[in-house]
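First up is the structure itself, then whatever we jot down about it.
The values are calculated or read from the model by the stated rules, or taken from the named source; none is laboratory data. Because the structure is a prediction, the values reported are computed rather than measured. Virtual Cβ from ideal backbone geometry, glycine too; neighbours counted across all protein chains shown. With ligands, DNA and RNA removed, areas are computed over all heavy atoms of the protein, side chains included. Shrake-Rupley method; radii C 1.70, N 1.55, O 1.52, S 1.80 Å.
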Amino acid sequence: MTRVLYAELTPRQFRERLAAAPIAYLPLGTLEWHGEHLPLGADGLQSQGFFIELARRIGGTVLPMVFLGPDLQVEHEGRPYYGMDILSFPNGPPQQLDGSAYWAPHDFFEQLIEHIVAQLARAGFRIIVGHGHAPSAQAFIGMKPGLEERYGVELYICWRGDESDGLGIQTDHAAANETSLVMALRPELVEMDNLDPDPETPPLGVGGEDPRVHASAEVGWKAVALNVDRMSDILRHALDALS
């Protein structure tokens, strides 16, 4: 199998992949509660898995996962709470969900992304594709104009304009879409038996369609295939424009 992970390449392999397609893929992950049924690193695992499929189709190199990211943040009784700690309990005080260890202030995250982009441009990449944890991806693409001007690169993320069909890449939180993607890309990490089988009991910290009803590896692979095709076309045009 062709190596596409940056950390696993020898310098010769790196040079070959860079010459063929100067695309860097940046998985924007977290270590964050994704329900009782998904791994804590689900954000980065999904984006990295998708990027591996995309890199094998169009070329490019997949970076290690970034696990720090911005998110909602509140203080309650002298303690900080983040993201799903807040959204999972809309009718009461926030509660710390097990395993979440990822939050960083927005300005710090922007500095981190700027340094990553600067290093990738220095290494010779011309196109950088970031995707994963929604607040991270939003911050990443929000920096697009300034980073492109300063470093001579092009930035992309992998959301479509209309993803109401449920076949996007990471369009909910641990619900049908993300669960289907992990089922497809890393099935050994999904433990659906951890969820209460009673459909009247909503899974804690899950935002979107019920994964117990709507998630499957088949749906996950359909989403991966659709978006590999779409992103391959986008990146092929971007590569053509470089030459």
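The table below gives the values:
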item: Gain in span if fully extended, Val74 to Ser164, counting 0.36 nm per residue against the direct Cα distance; result: 29.4 nm
item: Cα centre as origin, Lys/Arg/Asp/Glu Cβ charges: the chain dipole, Debye; result: 1540
item: Rounded Å value of the spacing that divides the Cα centres of the range 54-109 and the range 161-201; result: 18
item: Point-charge dipole on Cβ atoms (K/R +1, D/E -1) for the range 68-154, about Cα centre, debye to 20; result: 320
item: Antiparallel DSSP beta bridges within the range 1-95, as percent of all bridges there, nearest 5; result: 50
item: √(5λ) per eigenvalue of the Cα gyration tensor, the range 134-206, largest first, Å; result: 33, 13, 11
item: Relative contact order of the chain, pairs being alpha-carbon contacts under 8 Å that are 6 or more residues apart, as %; result: 22
item: His76 long-range amide H proximity, modeled H, under 5 Å; result: Tyr81
item: Matching label, Rg and Dmax of the Cα atoms in Å computed from the structure shown, candidates (i) 19.5, 59; (ii) 16.8, 49; (iii) 18.2, 57; result: (iii)
item: Residue-averaged [θ]222 nm for the chain, counting only DSSP H segments that reach four residues, each worth -39500 (n - 2.57); result: -13500 deg cm²/dmol
item: Solvent-accessible heavy-atom area per residue, rounded to whole Å², over the chain at 1.4 Å; result: 48
item: Heavy-atom accessible surface of the chain: percent carbon and sulfur, 1.4 Å; result: 53
item: Residues whose placed amide H lies under 5 Å from that of His131, excluding near-sequence neighbours; result: Leu26, Leu28
